[in-house]
Amino acid sequence: MSEQCLFTSMGMFIIDEIHFPENSGKESHYNVIGGGGTYGALGSRIISGFKNSQKIGWIIDKGNDFPSEVESYLKSWETGAIWRGTPERLTTRGWNMYGDREFRDFKYLSEKKRITVDDLLKYEQLLNSESFHLICSPQRSLEILSSLNKARLSNVSNPIIIWEPVPDLCLPENLQDCLSVLKNLDVLTPNAEEAARFFGKPEPTTKEEHESIAQQFLPYLTHDSQFQTGSGIVLRAGAEGCYVLTNKGVSKWFPAYHNNANPNRSVIDPTGGGNTFIGGFTTGFVMSKGNWEIAAICGNISAGIAIEQIGMPKFDNIAGKGDFWNGKSINDRISDYVKWNGIDVDVGKVLEILI
């Protein structure tokens, strides 16, 4: 594959163990596919469809313990993943303990292998991608962007940059570093609790509180993308969906896929929902040439698919019918989401852009 990617994630691939308290009655799960890069690629793959699947760029470092069933499943997506054999090491593995109120404790069980711009230099299609998903500290995001600017071809457009701050660093002492990054971004997308923590505030509970927090970032989001639709913050609000606020006048809420309007509402495990949202949002944004509304729809639908089970969704590509995730086509999911929530968009035009 040599053509330019639509989407490239700088996040990692991880194999997870998932555990619950002894009194929960829930069983532990092993060899669960995870990692921010993986979930970002999932969101992108959901929206890209089969015709663009090879334009999804990410790196999978395959240790000497890599499960064959995991490899078979991921290869069924037919993305542009770079598979790197690292037989001298174990695959990056994580341990997750879930408690009440979506509490999550996490630690690495094996050494992590971070993705850097140097890793992209060997793969022109990744290096010159149309968009990048960053999950890192403010300082590292600046280093990545500087390296990308130096290494990319001069005849390709500037990429769409979407940054997800590392949750542990969303603290008041890091606020100024965060704000200093924003002029270089197209999209800032923390979840609401993380965004509030930058200002020493509790998680917002009303739409007004969400909007107030988002507004505090907006003056620093001064960049304009190649699509000339501005830059903005997409505040991820879990079951409430997302709030989009841009420097060109967009201020709008988009409901979560699994809300009360959905007759098939089924949320099993929220793990990876945020990363999957970002992959879907970014890919929708690029494919629609900067349409924030279409991107938000894509993000919410992608996240909805990610949280319908523990780990990855069931995937099938049916000849003549396209992709099915957990038994439902992306066409039907988009049509239903728009109808259930009364969103004023032309579904036919959205599908024409994406499918």
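We did not get these values from a lab; they are worked out from the coordinates using the rules stated. Predicted model, so just to flag it, every value in this text is computed and none were measured.
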Subject >> Over region 256-354, volume per residue of the alpha carbon convex hull, in Å³ >> reply: 93 Å³
Subject >> log₁₀ of I(q)/I(0) at q = 0.25 Å⁻¹ - region 22-106, Debye sum with one point per alpha carbon >> reply: -1.24
Subject >> region 39-188 - convex hull of the alpha-carbon atoms, volume per residue in Å³ >> reply: 150 Å³
Original post:
What aspartates and glutamates could a cross-link reach from LYS51, if we take a straight Cα to Cα line under 12 Å and drop same-chain neighbours fewer than 8 places away?
Top reply: GLU78, ASP323
Original post:
If the limit is 30 Å between Cα atoms, which of LYS113/LYS207; LYS113/LYS321; LYS112/LYS314 go over it?
Top reply: LYS113/LYS207; LYS113/LYS321
**OP:** Pick out the long, greasy-scoring helices in the chain: whole DSSP H runs spanning 24 Å or more along their own axis by Cα, mean Kyte-Doolittle at least 0.0.
**Re:** none
